[in-house]
Amino acid sequence: MRDPYTVLGVPRSASEKDIKSAYRKLAKKYHPDQNPDDPSAHGKFAEATHAYDLLNDAEKRGQFDRGEIDAEGNPRFAGFGNGGFGGGAGRGARPGAAGAGGFSAEDILKEFMSGFGGQPRGGAGGRAGGAGGAQWDPFAGGMGAGAGAQTRGGMKGDDVVVNATVSLEDAHKAASIPVRMPSGKMLNVKLPEKVEEGQQIRLKGQGTANAFGEPGDALVTVRFEKSKVFRRDGSDVRTDVSVTLYEAVLGAKVRVPTLDGSVELNLPPGVDTGKALRLKGKGLYGDGDLYVNIRVVLPPGGDPDLEALARFMRDQKPYKVRD
């Protein structure tokens with residue numbers, strides 16, 4: 001794993017906001033849904049997500065900056081001394097790595113599994129399953145990972161990737177939503193403040209179980225569902241409101257939907273169909289505005305008086321609305 005600062009393209013002095021912004025850009029660019037036929041993009045997405053997870057955690061970031069953990073998040077060991085078991089292991093050795101003349105726990109487990117016909121595949125960090133069929137991997141947590149599952153490496157189970165479809169209203173309120181895991185288990189997931197399309201929420205320990213260590217995590221990818229009421233335009237939101245002919249001519253107070261619930265809007269006299277009235281600060285997360293498009297609706301079935309008025313205006317008071 002490369003240096004997480006290099007992966008995200010930020011300096012070591014970067015603020016939390018800078019790190020978040022850099023990750024969002026990379027996530028949008030390399031997300032698997034945007035690059036279904038580009039394996040290299042999938043790898044870059046996973047790398048960026050791992051880098052963000054490390055730097056977004058203040059404790060882990062401090063440990064990394066002090067050299068206490070490596071880019072994978074594994075502790076760095078200086079060894080147990082010249083006379084101890086595994087003595088002489090370098091500072092950068094990963095947990096369980098063999099010292100001079102010693103055996104690691106990983107080596108012992110591999111040797112144990114080989115005795116029963118297992119086929120462990122080298123060190124941690126590989127994908128479960130591969131050419132020639134699924135293989136049981138004591139370090140991946142079971143048979144080959146399913147679609148979207150990823151192996152974190154070390155003594156940990158697989159991560160699983162789950163898509164969650166979220167309404168604009170729930171995203172706006174940072175609500176808690178039900179999410180079904182591949183196992184069928186339902187979890188109540190709290191959305192982050194100002195969640196973005198494609199952003200991933202990591203649920204610790206909700207991935208694949210591992211008989212030899214802790215379970216993997218679940219990565220919940222947020223997808224905005226198409227709303228029947230609102231249309232998103234960046235941080236702005238648009239909606240349509242129908243009004244009667246007399247409300248459009250004389251003005252009125254009409255109720256309009258917003259992401260925070262309905263509010264009353266003062267409709268000025270003589271408003272045109274298609275005109276957008278702005279409600280400042282009523283857009284997504286309060287960062288944008290709400291634009292209400294007015295649609296004038298005529299009475300159903302026609303009206304003789306209205307038709308007479310229309311003929312009078314056509315013949316006596318015509319006006320131009322087109323070139």
Legend entry - Any strands (runs of 3 or more DSSP E) falling wholly within the stretch 155-208 and containing at least 1 residues that are free of Cβ contacts under 8 Å to residues at least 24 places away in the same chain, surrounded by fewer than 13 Cβ atoms within 10 Å (Cβ to Cβ) and not small (Gly, Ala, Ser): 176-180, 186-190
Legend entry - Subset of the stretch 47-71 [assigned to a helix (DSSP H, G or I) and surrounded by fewer than 17 Cβ atoms within 10 Å (Cβ to Cβ)]: 56, 58, 59, 60, 62, 65
Inset, instruction - Please give the number of the condition residue 233 fails out of (1) open to solvent by 60 Å² or more (accessible area, probe 1.4 Å); (2) on the phi > 0 side of the Ramachandran plot. - result: (2)
Inset, instruction - Quickly run through the stretch 239-260 and pick out the residues that are closer than 17 Å to residue 170 by Cα and open to solvent by 30 Å² or more (accessible area, probe 1.4 Å). - result: 257, 260
Inset, instruction - Check the stretch 258-281 and report whether any residue there is of a type in the set (Ser, Thr, Tyr), in a helix (DSSP H, G or I) and either at pLDDT 95 or above or in contact with a helix residue (DSSP H, G or I) (Cβ under 9 Å, 6 or more places away or on another chain) (or both). - result: no
Inset, instruction - Considering every residue within the stretch 164-182, establish whether at least one is at pLDDT below 90, out of contact with any Leu (no Cβ under 8 Å at 6 or more places or on another chain) and more than 26 Å from residue 34 (Cα to Cα). - result: no
Inset, instruction - Output the residues belonging to the stretch 282-323 that are within 30 Å of residue 171 (Cβ to Cβ), touching a residue at least 12 places away in the same chain (Cβ under 8 Å) and not in a loop (DSSP other than H, G, I, E, B). - result: 284, 285, 290, 291, 292, 293, 294, 295
Inset, instruction - Exactly one condition in (1) in contact with a strand residue (DSSP E or B) (Cβ under 6 Å, 6 or more places away or on another chain); (2) exposed (fewer than 13 other Cβ atoms within 10 Å of the Cβ) is not met by residue 213; state its number. - result: (2)
Inset, instruction - Any residue in the stretch 1-25 that's in contact (Cβ under 8 Å) with a residue 12 or more places away in the chain and under 12 Å from residue 55 (Cα atoms): show its pairings with residues that are part of a loop (DSSP other than H, G, I, E, B) and among the charged types (D, E, K, R) at Cβ separation under 6 Å, as long as the two are six or more apart or on different chains. - result: 5/12
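The values are calculated or read from the model by the stated rules, or taken from the named source; none is laboratory data. Computed from a predicted structure; not experimentally measured. All Cβ positions, glycine included, derive from the backbone under ideal geometry; neighbour counts span all protein chains shown. SASA here: full protein model, heavy atoms, side chains in, ligands and nucleic acids out. Shrake-Rupley method; radii C 1.70, N 1.55, O 1.52, S 1.80 Å.
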